[in-house]
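Report on the structure given below.
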Amino acid sequence: MTTTAPTPKIGMILRELASRKIRSSSTGGNLIRTWSASASTTTSGNGGILETIINGALRFGNFLISGVVNLISFSFTKLWSWIVSGVQFIYNFDWNISDTAIDKQIEGLWNSFGGILGGAAGRAIGWIGCGLVPAAAVFSFNQSMGAYLLKEVGEQAIDEILDAASEVINAGFRLGAQATFLWLYKDVRRALKDPSNPFGAALRSFMGDKKIDNWGTGESWTIAKAVEKKIESIPNVFWRNLTQEALEEGSQACIEAGFAVAGGIDAWLAQQAMQRNSLLGSDRTVEITPDRSAPDERIILSGSEAVLRPTIVNVLATHQMLGNRDVGVLINGTPVDDTITPGVQERRLVVEFREKTAPPWVMPSGKKARRRQITVFSVKRGLTWEEVKLAAKQYTSGQRLVNAQLTDGHQMQCYGSTENEGLQKIKELLKLSTAELLPNGVRDSGYLDPTARRRELPYLVYPSKAVLVWKKRSSDLEGREDTGGQLWTEQRIEFDLWPETEPVGIEPLG
């Protein structure tokens, strides 16, 4: 009996799969795909019911604030109602009211607002404490029942709380306007009754001293009573009735027509907004932080949702591709005066300094942060990030150009505030190189009499990044050809220097 050889099995280690590695590196180690319907996600810890209640209260508070903002939003109907209320208040205001009566009215307005505010606060506390908090507590034990309770109770609670907030806002605006008018009227009248006041003196010459001195005493006087007496003084009954009815009906019709016009304008604006939102979505403002290690680097976009979606993708893709890189940074990194023919290998480190400590490289004024570059030649092998960071510490830049001849035939250049500042920076960076300064090889090429364009105050610069350029003679026909006809292959290693700690993934420079 022949025996068949066992079928070889394929061994597979899931964690070694390329797809798992890519997903793990992009999700921070989480291999489970998750999706959130909210723009901001919250991670729930082990806080239990207390954490659930607090998180729910915070989200509800944010929603409540947005609802109150919608309540106090401008509309032409509200504007017309304020105008009508103001005209009616002035029409029935007692212009001969005493100062004591004004103080009592202001006190009465404040006391009435206290009752309105207390009623609104009690209604909100009752719905939150006896409605939303128990529903959130149920949600921590039974999510399906809690979600149902939060939906049912939350809708009623939101309506009640928003109604209470609307009453407080409207009452506060109305009562505050009345109290402000009464307070200003009392102070203006006191100033006009002063004989030394030039306006008061002019008013006395026009109306007489007696009327001004008795202003605020005696019988009340309102525009409404004055108009009524004027109408009643008409001797003909026909014309008296005609005038009275025309005035009453005309005022009522004007108010109603004004509300109709204001309501029509609001309806038209709402219709236009709905049409625009149906096509492009609502207007939103999005703040993007592409790099979490640089929280000050933010990109703010505003527009409709349909326009923002592809724009956000393009912005993130562009930032990922370019970031804070500078096209041509290496072209200008080599000193202009360096004309020494390179050897078989050349290793140079271009250290860039910026006027800011961290990206974005834009000053508060909106101008691009100034930068300086210093090239270190004959770079040592095996340098660590800490060594480069220590040598490339901040210094004071200026208009003094310092040139230093090196033992390897190259020269280093540094713009400093003084010759000593530039030379000190060169010596600090030379700790990264195998070359040394030549005796009497330092000269100052600074401007002795700078022009207005070149003249500027010294300023601090901080290390921003470094680029190691490793050039080798090409052994085949591939590579770049220099002016001398030699072919070179080039390798570049770029890393940031602005973080306080070493970025992840940086290896010693070979």
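The values are calculated or read from the model by the stated rules, or taken from the named source; none is laboratory data. Since we're looking at a predicted model, the values are computed, not measured. No Cβ is skipped: glycine too gets one built from the backbone with ideal geometry, and neighbour counts run over all protein chains shown. Just so you know, the surface numbers come from the protein's heavy atoms only, side chains and all, with ligands and any DNA or RNA stripped out. Shrake-Rupley method; radii C 1.70, N 1.55, O 1.52, S 1.80 Å.
What number of residues within region 390-419 are modelled with pLDDT under 90 and part of a helix (DSSP H, G or I)?
The number of residues fulfilling the criteria is 1.
Among the residues of region 384-423, which ones are more than 22 Å from A358 (Cβ to Cβ), touching a helix residue (DSSP H, G or I) at 6+ places or on another chain (Cβ under 6 Å) and among the aliphatic types (A, V, I, L, M)?
V402, A404, M412
If I go through region 95-111 residue by residue, how many of them are open to solvent by 50 Å² or more (accessible area, probe 1.4 Å) and hydrophobic (A, V, I, L, M, F, W, C)?
As a first pass, look at region 95-111 and keep what is open to solvent by 50 Å² or more (accessible area, probe 1.4 Å): 95, 99-100, 103-105, 107, 110-111.
Imposing the further condition that a residue be hydrophobic (A, V, I, L, M, F, W, C) reduces the set to 95, 110.
Here the count works out to 2.
Given (1) among the acidic types (D, E); (2) modelled with pLDDT under 80; (3) in contact with a helix residue (DSSP H, G or I) (Cβ under 9 Å, 6 or more places away or on another chain), where does D194 come up short, assuming only one miss?
In the conditions (1) among the acidic types (D, E); (2) modelled with pLDDT under 80; (3) in contact with a helix residue (DSSP H, G or I) (Cβ under 9 Å, 6 or more places away or on another chain), D194 misses (2) alone.
Every residue in region 183-203 that is of a type in the set (F, W, Y) and more than 11 Å from D99 (Cα to Cα), please. Can you show your working first?
Step one: filter region 183-203 for residues of a type in the set (F, W, Y), giving 183, 185, 199.
F199, the sole residue that qualifies.
Just one of A191, A124 is among the small types (G, A, S), in a helix (DSSP H, G or I) and surrounded by 17 or more Cβ atoms within 10 Å (Cβ to Cβ); which is it? Give the derivation first.
On the way: A191 fails: surrounded by 17 or more Cβ atoms within 10 Å (Cβ to Cβ).
Of A191, A124, the one residue that is among the small types (G, A, S), in a helix (DSSP H, G or I) and surrounded by 17 or more Cβ atoms within 10 Å (Cβ to Cβ) is A124.
Kindly indicate whether any position in region 450-464 is part of a loop (DSSP other than H, G, I, E, B), among the aliphatic types (A, V, I, L, M) and either within 26 Å of L429 (Cα to Cα) or modelled with pLDDT of 65 or more (or both).
Yes, there is a match, as at least one residue in region 450-464 is part of a loop (DSSP other than H, G, I, E, B), among the aliphatic types (A, V, I, L, M) and either within 26 Å of L429 (Cα to Cα) or modelled with pLDDT of 65 or more (or both).
Any residue at all in region 269-278 that is in a helix (DSSP H, G or I), of a type in the set (A, V, I, L, M, F, W, C) and loosely packed, with under 12 Cβ neighbours inside 10 Å?
Yes: one or more hits.
Return the residue satisfying two criteria in turn: it lies in region 291-325 and is open to solvent by less than 40 Å² (accessible area, probe 1.4 Å) and outside any helix (DSSP H, G or I), and of such residues it is farthest from F495 (Cα to Cα).
The selected residue is S304.
Which of the residues that make up region 390-404 are within 12 Å of V351 (Cα to Cα) and surrounded by 19 or more Cβ atoms within 10 Å (Cβ to Cβ)?
Within region 390-404, A391, A392 qualify.
Check T180, T217, T243 and return the single one that is outside any helix (DSSP H, G or I) and either more than 47 Å from the chain's Cα centre (by Cα) or closer than 30 Å to D103 by Cβ (or both).
Values: T180 fails: outside any helix (DSSP H, G or I); T243 fails: outside any helix (DSSP H, G or I).
Just one listed residue meets the conditions, T217.
Between a first residue in region 245-268 that is more than 17 Å from T77 (Cβ to Cβ) and a second residue that is open to solvent by less than 50 Å² (accessible area, probe 1.4 Å) and assigned to a helix (DSSP H, G or I), which pairs have beta carbons less than 9 Å apart while being 6 or more apart in sequence or on different chains?
Every condition considered, the pairs that remain are L247/V227; L247/I231.
When you scan region 195-206, do you find a residue that is open to solvent by less than 40 Å² (accessible area, probe 1.4 Å), aliphatic (A, V, I, L, M) and either without any contact (Cβ under 8 Å) to a residue 60 or more places away in the chain or out of contact with any strand residue (DSSP E or B) (no Cβ under 8 Å at 6 or more places or on another chain) (or both), even just one?
Within region 195-206, the subset open to solvent by less than 40 Å² (accessible area, probe 1.4 Å) is 197, 200, 204.
Remaining after also requiring aliphatic (A, V, I, L, M): none.
No: region 195-206 contains no residue that is open to solvent by less than 40 Å² (accessible area, probe 1.4 Å), aliphatic (A, V, I, L, M) and either without any contact (Cβ under 8 Å) to a residue 60 or more places away in the chain or out of contact with any strand residue (DSSP E or B) (no Cβ under 8 Å at 6 or more places or on another chain) (or both).
Quick check on my filter: what residues within region 406-438 are open to solvent by 50 Å² or more (accessible area, probe 1.4 Å) and under 15 Å from V461 (Cβ atoms)?
Within region 406-438, Y415, T418, E421, Q424 meet the criteria.
Output the residues belonging to region 220-234 that are open to solvent by 80 Å² or more (accessible area, probe 1.4 Å) and either farther than 21 Å from F93 by Cα or under 58 Å from the mean Cα position of the chain (by Cα) (or both). Lay out the reasoning, then the answer.
Step one: of region 220-234, the residues open to solvent by 80 Å² or more (accessible area, probe 1.4 Å) are 221, 225, 228-230, 232.
Once the filter is applied, which keeps residues that are open to solvent by 80 Å² or more (accessible area, probe 1.4 Å) and either farther than 21 Å from F93 by Cα or under 58 Å from the mean Cα position of the chain (by Cα) (or both), region 220-234 yields W221, K225, E228.
Can you tell me which residue among V315, V336, V237, V286 is of a type in the set (V, I, T), more than 35 Å from the chain's Cα centre (by Cα) and at pLDDT 80 or above?
On the way: V315 fails: more than 35 Å from the chain's Cα centre (by Cα); V336 fails: at pLDDT 80 or above; V286 fails: more than 35 Å from the chain's Cα centre (by Cα).
Every option except V237 fails the conditions.
Looking at this structure, is G119 under 39 Å from the mean Cα position of the chain (by Cα) and surrounded by 13 or more Cβ atoms within 10 Å (Cβ to Cβ)? Write out each step before concluding.
Working: under 39 Å from the mean Cα position of the chain (by Cα): yes; surrounded by 13 or more Cβ atoms within 10 Å (Cβ to Cβ): yes.
It is true that G119 is under 39 Å from the mean Cα position of the chain (by Cα) and surrounded by 13 or more Cβ atoms within 10 Å (Cβ to Cβ).
Counting just the residues of region 357-371 that are open to solvent by 40 Å² or more (accessible area, probe 1.4 Å) and closer than 18 Å to S417 by Cβ, which one comes out nearest to the chain's Cα centre (by Cα)?
Step one: of region 357-371, the residues open to solvent by 40 Å² or more (accessible area, probe 1.4 Å) are 357, 362-368, 370-371.
Filter again for closer than 18 Å to S417 by Cβ, leaving 370-371.
On the way: R370: 25, R371: 27 Å.
Filtering region 357-371 for residues that are open to solvent by 40 Å² or more (accessible area, probe 1.4 Å) and closer than 18 Å to S417 by Cβ, the one nearest to the chain's Cα centre (by Cα) comes out as R370.
When region 198-248 is examined, which residues are found to be within 22 Å of V188 (Cβ to Cβ) and of a type in the set (S, T, N, Q)?
S205, N214, T217, S220, T222
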